[in-house]
Each structure stands twice: as structure tokens, then as C-alpha cells.
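Below is one structure, written out as C-alpha cells; comments come after it.
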Amino acid sequence: MEKRAFLAILISFAIIYGFGAFFGRKTPPPTAPAGTGSGQKAVAPPAQPSGGQAVEPARQVVQELEPPDLPAAERESKVRIETRLYKAVFTNRGARLVSFRLKEYKDFERQPIELVCGEAAAKDLLPFALAAEDVATTMELNSALYAADHDAIDLQSFGASARLTMSTRLASGGWVVKTYEFYPYSYEIKVVVSASPDLKGLSIALGPGLGNPSPDQSKNSRLLRGTVLYQREGQIKRDGDKASEVGSVEWLGVENNYFVMLARFASPVKAASTAPYEELHKIKAALIREIPPRPFMVYLGPKDYTLLRQLGSGLDRIVDYGYFGIVAKPMLRGLQYLYRYVHNYGLAIILLTVFIKIILFPLTYTSTVSMLKMQQVQPEMTAIRERYAKKKSIEDRQKMNAEVMKLYKDRGINPMGGCFPMLLQLPVLIAFYNLLSVSIEMRNAPFVLWIQDLSASDPYYVTPVLMGVTQLILQRMSPPPADPIQAKMMMVMPVFFTFLFLNIQSGLVLYWTVNNVLSILQQYLMGRFGLVPARTKAKK
């Protein structure tokens, strides 16, 4: 049974590590700061975007609208937007977004995080760029100077929404108008694009890319830098490495581990994903192939499960907790509840670990008792195996197995009693791993001293070493295998776990370390009060 326990542990952690390689995620950012500013304000109807369906006034065919009578722009300029939640900067060259910094989320330099991808921006690839059916028109659309009706919009203390209108006339005589509507307390922007009838087949881009990882983070294969995702026929899909047409979608966007830029529509529109340059093959853009004739909503902000759920359209499913989401979601709610009282997610993890340990105590107690009983009957099991050691026939093997099972039955032993409870704890560990990888609450969440981000690994490897020490102590307190070779292998496991956890999120290492400490205390108390059978020493 000890061999089965060893294999169960080894397989469990191999699965965990495999989950990390394919589903684990990390994020981050830094780039040029966005400026602030206040100035003229254009007041729209005093409304916030509603959760659920996209804001949609009466149907209008925007291609038939005339552009506003604005003076032509003579030079490039910036329009600065500031709300309670973010600072945004638009350039009038192409009426595109050049900076979008979230006030409540910091990069690893403790500055407001920048969501516009700097690597793509350096190649003049910006959000809300237009694409036409021919390259020349596309270049003109995004290089033309648009006239803006405001120099700056300040919504920090203003209750109503505000609109920014930017328009241009092309050399061909065609025209384009882009209207952006901002809200003081929302990450959503209402977008309307109208154009002259001769400009057919226009597309508008979300991205390319999202956020700005540091050079070290860019080496992380689990890091999402600009993955295109969309919902088609109620199913969320993520696009692969190659550009492709994705068909009609209810919404689409680009994401990284913790943030997303997405557009949602009242009715499905055609869309595509594209990789603008080969050297930016990991940074993709989402293209709205059919610009809707009505306003559509663009969300640019955190992948906050609660916020996205309020918006409806199944957007909360963007936060992917993996196959054990049914376990991860209650754990997240538990952490959020505890955080309201202790104001530290590290302490919340410790308290949640205690709670989980209490819940799983019957399983761990059963496992310990079963392993001790198995150890007590090892001499008899060894004698049975030695009796049949030289007999190779299938019939003799069946007789040996029958004798072993009779021994288990006579002693009241469940042969799976030592392994099954441990395997039942595996979903908790994987769920915690995924929760730390994708939950915005864990991003940059400090604990104590040098641990300033529970979603990142311990920079000094202190907690993995402490975890290894507690694992070694627990290993010595656990029932030893009767087989000396297996006993030596089990002694190597703490070293294996230590190396495995070196680059795992410090929040998960904290959870496992506290779990080990509680297991040590549990083992001691069960032995102290005679709650488990007496141990026997393995033969050498």
C-alpha cells in the first residue's frame, strides 16, 4: 500500500505540474505613463452602462449620417480622459487609443498599470484602428488627423457620462466619425463608428496585445500576452497562434491573465483574429469585421469575476478556473469573505487552509488509520508473497491475491483507504493553483516582508525551503513503509516537492506549508490521545 501511496503522491504532483504548464497563468506590465488632464466636458444623458445587454438606442444606419461640422485638425494632439477608475489618452491621428491606465491596479513598479501594448504601439498598432478593403485606404484612415470636439474630459467628480467625437475627411472625399462615450464608474466605453457610403467593408481592431510584461515575465510560456477570445453560439473559444476568421460572434476581445479588452453586441457580428507582424506572432488583435450600425460596448479592465458577471452575456466565464472551477469559486468567495476582516490575502489563505483542513479531517484521519493498519500486517503480507514468489502461474497469482484480500477483510482494512482520501484532496490543490493564476484579487496581493505578490513565486525561495522542511518532518512522523527501498524513496519526496515548488506561486506554497504544519499537529495529537493504532518499525 505504501507503494500505491507513493505513486498516488507522485502522480498527483505530476498532474499539478502539468496543469501549471498548460493552464497556469501569470501576468503583469509597465510602460510610458499616461498623462492626466481636465478641460472641456461634453455632457451626454446622465446614465451608466447597464449590466446585461449592450446599450442600444433606436436603430440607425450610421453610414447615412453626415459628419459633424468640426474644423479640420492641423497637427497631432492628444485628448486625455480621466474617470474614477482610469486615465486614458487618445491621439487624433487615427482617433486611436494610445494609453489606458487603471488607477486601482498597479504594475510591478507600483505605477497604474498600462493596458495598451507598448510593443505593438511602437509599430503604430493601436486599439480602435480601422482597416479597409485596400491597404492604401487603411493607412490613410489611421494616419489622418481627426478633429476632436474636446481637448480633455474629467469625470472624476462628474456624475454624468461624457462623449468624445472625432472626425476626418479623406483625400478621396469620404469621411469617418468615431464617437466614444465614457462613464465615471465603469470600465465600459460606448463606441459608435460611422462612415461615408463609399467606405465599405470597414473593420475595427481591439488590441493588438494587452499589457506589457517585463523581460523575465515574457519568458514565461504560461503568460498570455494577447490571446483572442470570443463567444459563438453560447460557447467561449480561444483562438490559436494563426490568424483566422472566427465567424459570427456575440462578443470578442483580447486578454492576458488578469485583464481583458472586449466588445459586446446586441446581435452577432462577423469577427476575426489576426497577428499583424510575424515578429509579434504572440501578440494578436481581434477584428470586428462588420462594424455594427448601432453603438456597441467595449470593456477594458480587470477580469473581475463579480464585475463581469454583472455585465451578463456569460462574460464571467472568461475567468477560467479550469476543470475544478466548481471548487475554486467557493474558495475565492471564502478568501474574499475572510479578506474583509483581516485585510490581508496571506492571512486569509492561512485561515482558509485551517477551514479546509477541518473539512478534510475525516478523510485524512481515515487515511492515517488505514496506512497504520497496513503497516501492522506487512509481516503477514510479506509471508504470503514469499510463499508464492517462485510460482508464476495465473492461478497461483489469483490464490495469492485472494489470501491478501482475506487478510485485509479479517483485519478490517480497506486497501484503498490510504490512497483514495489523498487523491480526493488533489482537486483542492489544483483549484488553489488555478485560483492564484487567474484571480485578479491575488495579483500583486502582499503578505508580509519580502512576499509582495501571492500570485508570483518567492523571489528568495524562503517559503519553498520552509515547505520542504515541514514536508520532511511530516514524512518522519507518518507510518514508514515496510520495504526499505520504498522508505528511502519516500525520504526523497520532500526534496522533490521543494524543487517542484521553487517557481510556484507563493500563495500556493503558503497554503501547502500551513497544511503541512496542521498535518504535523494532527499527527501528534492523534498519537498523543491514542486515536490511531500503534506504529511498528519497518524491518531493515
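The values are calculated or read from the model by the stated rules, or taken from the named source; none is laboratory data. Remember, it's a predicted structure, so these values are computed and weren't measured experimentally. Heads up, the Cβs are rebuilt from the backbone with ideal geometry, glycines too, and the neighbour counts pull from every protein chain shown.
When 140, 119 are checked against the criterion of being under 30 Å from the mean Cα position of the chain (by Cα) and part of a helix (DSSP H, G or I), a single residue qualifies: 119.
Residue-by-condition table, conditions (1) surrounded by 17 or more Cβ atoms within 10 Å (Cβ to Cβ); (2) farther than 27 Å from residue 519 by Cβ; (3) in contact with a Ser or Thr (Cβ under 6 Å, 6 or more places away or on another chain):
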{"site": "356", "(1), (2), (3)": "yes, no, no"}
{"site": "363", "(1), (2), (3)": "no, no, no"}
{"site": "366", "(1), (2), (3)": "no, no, no"}
{"site": "397", "(1), (2), (3)": "no, yes, no"}
{"site": "402", "(1), (2), (3)": "no, yes, no"}
{"site": "407", "(1), (2), (3)": "no, yes, no"}
{"site": "413", "(1), (2), (3)": "yes, no, no"}
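The set of residues in region 117-134 that are over 12 Å from residue 205 (Cβ atoms) and touching a strand residue (DSSP E or B) at 6+ places or on another chain (Cβ under 7 Å) contains only 121. On the given criteria, is residue 358 over 18 Å from residue 303 (Cβ atoms), in the same structural domain as residue 508 (by TED's automatic domain parsing), aliphatic (A, V, I, L, M) and within 23 Å of the chain's Cα centre (by Cα)? Criteria not met by residue 358. Restricting region 353-368 to residues that are part of a helix (DSSP H, G or I), among the hydrophobic types (A, V, I, L, M, F, W, C) and touching a residue at least 40 places away in the same chain (Cβ under 8 Å) leaves a set whose member that is farthest from residue 454 (Cα to Cα) is 363.
How many residues does region 440-451 contain that are under 17 Å from residue 260 (Cα atoms) and in contact with a helix residue (DSSP H, G or I) (Cβ under 6 Å, 6 or more places away or on another chain)? Adding up the residues that qualify gives 1.
Yes or no, residue by residue, for (1) at pLDDT 85 or above; (2) touching a strand residue (DSSP E or B) at 6+ places or on another chain (Cβ under 9 Å); (3) farther than 30 Å from residue 328 by Cα:
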{"site": "419", "(1), (2), (3)": "no, no, no"}
{"site": "424", "(1), (2), (3)": "no, no, no"}
{"site": "437", "(1), (2), (3)": "no, yes, no"}
{"site": "467", "(1), (2), (3)": "yes, no, no"}
{"site": "470", "(1), (2), (3)": "yes, no, no"}
{"site": "479", "(1), (2), (3)": "no, no, yes"}
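Checking each residue in region 151-201 for being crowded, with 20+ Cβ neighbours inside 10 Å, touching an Asp or Glu at 6+ places or on another chain (Cβ under 6 Å) and in a strand (DSSP E or B) picks out 165, 190. One residue stands out among those in region 103-115 that are of a type in the set (D, E, K, R) and outside any strand (DSSP E or B): the one that is nearest to the chain's Cα centre (by Cα), which is 107. Of the residues making up region 282-337, those that are outside any strand (DSSP E or B) and among the small types (Gly, Ala, Ser) are 312, 313, 314, 322, 325, 328, 334. Only one entry in 90, 100 is assigned by TED's automatic domain parsing to the domain that holds residue 255, within 18 Å of residue 260 (Cα to Cα), within 33 Å of the chain's Cα centre (by Cα) and crowded, with 19+ Cβ neighbours inside 10 Å, namely 100. Scanning region 338-352 for residues that are assigned to a helix (DSSP H, G or I) and either under 19 Å from residue 512 (Cα atoms) or touching a helix residue (DSSP H, G or I) at 6+ places or on another chain (Cβ under 8 Å) (or both) yields 338, 339, 342, 345, 346, 347, 348, 349, 350, 351, 352.
For region 369-404, taking the residues that are among the β-branched types (Val, Ile, Thr) and not in a loop (DSSP other than H, G, I, E, B), the one that is farthest from residue 526 (Cα to Cα) is identified as 394. Among the listed residues 152, 129, 121, identify the single one that is touching a Gly at 6+ places or on another chain (Cβ under 7 Å) and under 19 Å from residue 262 (Cα atoms). Being touching a Gly at 6+ places or on another chain (Cβ under 7 Å) and under 19 Å from residue 262 (Cα atoms) holds for just one of 152, 129, 121, which is 129. Number of residues in region 125-137 that are surrounded by 15 or more Cβ atoms within 10 Å (Cβ to Cβ) and either assigned to a helix (DSSP H, G or I) or of a type outside the set (A, V, I, L, M) (or both) equals 3. Only one entry in 210, 199 is over 24 Å from residue 262 (Cα atoms) and modelled with pLDDT under 90, namely 199.
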